[in-house]
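Peer 1: Take this structure, written in structure tokens, and hold onto it; I'll ask about it next.
The values are calculated or read from the model by the stated rules, or taken from the named source; none is laboratory data. None of these values were measured; they are calculated from a predicted model. Methodologically, a virtual Cβ is constructed for each residue, glycine included, from the backbone with ideal geometry; neighbour enumeration extends over all protein chains shown.
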Amino acid sequence: MTTALASPLLGAPRAVAGEGVDAPVAAHYGDPMREQRLLVERLAVVDLSHRPVLTVTGADRLSWLHSLTTQHLLGLPARESRESLILSPKGHIEHDLHLVDDGETTWITTEPGASEALLRWLDSMRFMLRVEVADVSAAYAVLGEPHAAESLPGEPLAWRDPWPDLVGETAAYGPEVGHPGLGRQWRELIVPRADLVATVGDRPLAGMWAAEALRVGAWRPRLGFETDHRTLVHEVDWLRSAVHLHKGCYRGQETVARVHNLGRPPRRLAFLHLDGSGHILPARGSAVTLDGRAVGFLTSVARHYEDGPIGLALVKRNIPVDAELLIGDTAAAQTEIVAR
């Protein structure tokens, strides 16, 4: 696994390093709740420089990526972004691609630790096509900012999060009215790593704790958190933003179509309000239980500036939405994301 470079922004005042895959960047800068508010007010930026950056060049790059992934990429206009997934032959999620093309190069960012396997697999699929794949993480870095628009010429190239753009076609997999993702505005700037500090400028910094709290509050799945080796796109509501249901064949497409047309997935993602009377949050990965038996696991957990302790969990599909769940000694109340 490629080791992410430690960020120079860890030298900012009051910066505290993150943990796990987010260790190369700051968890917070002294006041995570204030940092959340600054993000909501569209004032702060988040250091995501541990996200790997890959490039795909060559005349066949978009048609090639179109054939390999879940998203429609043919004719993608310059500076317009997409989210796409790479699935296993059985339809399980393997990679999440944040993808934007500048007219000559397709830029991809993905989760920390995923670039080596992704690069190796993409390279193995080139055959005789006019494409070249490279990991340029040593030269380029990512910054997150609350913003609703695609990047314009003259601005740093950016991937815009499509999560707020919910469409009726996928509403059967979760509530449409009142979905918190409708208010989420987010994009990821791709900048030369040498310009990372200068690009931040005098804007306040927010850490990963703040960014993750807002992600969880928006019911937004994250690869490696809401996914495991057998996760289907339907289980985590990723049909909304990363799957085109009417494109041609790609690896795993048969499973996507079958589950979409004939039945429900075995698990579903649920949003949890956690009992806030304790001072310690349950750990990510903790078992979710009902009447003493395990029915799922906690995938993400955070303290939200308005909602308090919250989390996301993958649970068995048939668990009643009004069931009283426990995570250790912590009570959890569900809000439905993926319909039973």
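Peer 1: Can you pull out the residues in region 310-336 that are farther than 16 Å from ALA294 by Cα and surrounded by fewer than 21 Cβ atoms within 10 Å (Cβ to Cβ)?
Peer 2: If the condition is that a residue be farther than 16 Å from ALA294 by Cα and surrounded by fewer than 21 Cβ atoms within 10 Å (Cβ to Cβ), then ASP322, THR335, GLU336 are the ones that fit.
Peer 1: Kindly list the number of the only condition in (1) more than 28 Å from PRO192 (Cα to Cα); (2) among the charged types (D, E, K, R); (3) at pLDDT below 95 that fails for ARG126.
Peer 2: (1)
Peer 1: Quick check on region 277-307: of everything there that is in contact with a helix residue (DSSP H, G or I) (Cβ under 9 Å, 6 or more places away or on another chain) and more than 23 Å from LEU223 (Cβ to Cβ), which residue is surrounded by the most Cβ atoms within 10 Å (Cβ to Cβ)?
Peer 2: It comes out as TYR305.
Peer 1: Let me ask something else. List pairs: first residue in region 286-301 and over 14 Å from PHE271 (Cα atoms), second residue of a type in the set (Lys, Arg) and surrounded by fewer than 19 Cβ atoms within 10 Å (Cβ to Cβ) anywhere in the structure, Cβ distance under 8 angstrom, at least six positions apart or on different chains.
Peer 2: Final answer for the pair search is VAL295/LYS316.
Peer 1: How about region 66-95: which of its residues are among the hydrophobic types (A, V, I, L, M, F, W, C) and under 26 Å from LEU152 (Cα atoms)?
Peer 2: Across region 66-95, the qualifying residues are LEU73, LEU74, LEU76, ALA78, LEU85.
Peer 1: Does region 261-276 hold any residues that are touching a Leu at 6+ places or on another chain (Cβ under 9 Å) and either surrounded by fewer than 18 Cβ atoms within 10 Å (Cβ to Cβ) or assigned to a loop (DSSP other than H, G, I, E, B) (or both), and which are they?
Peer 2: PRO265, PRO266
For every residue, the table says whether it meets (1) at pLDDT 95 or above; (2) under 22 Å from ALA270 (Cβ atoms); (3) touching a Ser or Thr at 6+ places or on another chain (Cβ under 6 Å); (4) surrounded by fewer than 19 Cβ atoms within 10 Å (Cβ to Cβ).
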{"site": "ALA134", "(1), (2), (3), (4)": "yes, no, yes, yes"}
{"site": "GLY144", "(1), (2), (3), (4)": "yes, no, no, no"}
{"site": "LEU182", "(1), (2), (3), (4)": "no, yes, no, yes"}
{"site": "ILE190", "(1), (2), (3), (4)": "yes, no, no, no"}
{"site": "VAL197", "(1), (2), (3), (4)": "yes, no, no, yes"}
{"site": "ARG203", "(1), (2), (3), (4)": "yes, no, no, yes"}
{"site": "GLY207", "(1), (2), (3), (4)": "yes, no, no, no"}
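Peer 1: Among (1) of a type outside the set (A, V, I, L, M); (2) crowded, with 17+ Cβ neighbours inside 10 Å; (3) assigned to a helix (DSSP H, G or I), which single condition is GLY91 missing?
Peer 2: (3)
Peer 1: Do we find a residue being over 29 Å from ALA194 (Cβ atoms) and among the charged types (D, E, K, R) anywhere in region 52-65?
Peer 2: Taking every residue of region 52-65 in turn, at least one turns out to be over 29 Å from ALA194 (Cβ atoms) and among the charged types (D, E, K, R).
Peer 1: Can you confirm whether GLU188 is in contact (Cβ under 8 Å) with a residue 60 or more places away in the chain, touching a Gly at 6+ places or on another chain (Cβ under 6 Å), charged (D, E, K, R) and outside any loop (DSSP other than H, G, I, E, B)?
Peer 2: yes
Peer 1: Still on this structure, I have one more. Among (1) aliphatic (A, V, I, L, M); (2) under 20 Å from the mean Cα position of the chain (by Cα); (3) within 30 Å of LEU205 (Cβ to Cβ), where does LEU43 come up short?
Peer 2: (2)
Peer 1: Sticking with this structure for a sec: Can we say ILE108 is hydrophobic (A, V, I, L, M, F, W, C), in the same structural domain as THR231 (by TED's automatic domain parsing), within 15 Å of the chain's Cα centre (by Cα) and over 28 Å from ALA198 (Cα atoms)?
Peer 2: No: the conditions fail for ILE108.
Peer 1: Same structure, new question: Which pairs have Cβ atoms under 6 Å, sit 6 or more apart or on different chains, and link a residue in region 323-340 that is in contact (Cβ under 8 Å) with a residue 40 or more places away in the chain to one that is among the charged types (D, E, K, R) and in a loop (DSSP other than H, G, I, E, B)?
Peer 2: THR330/ASP275; ALA331/ASP275; ILE337/ASP237; VAL338/ASP237; ARG340/ARG317
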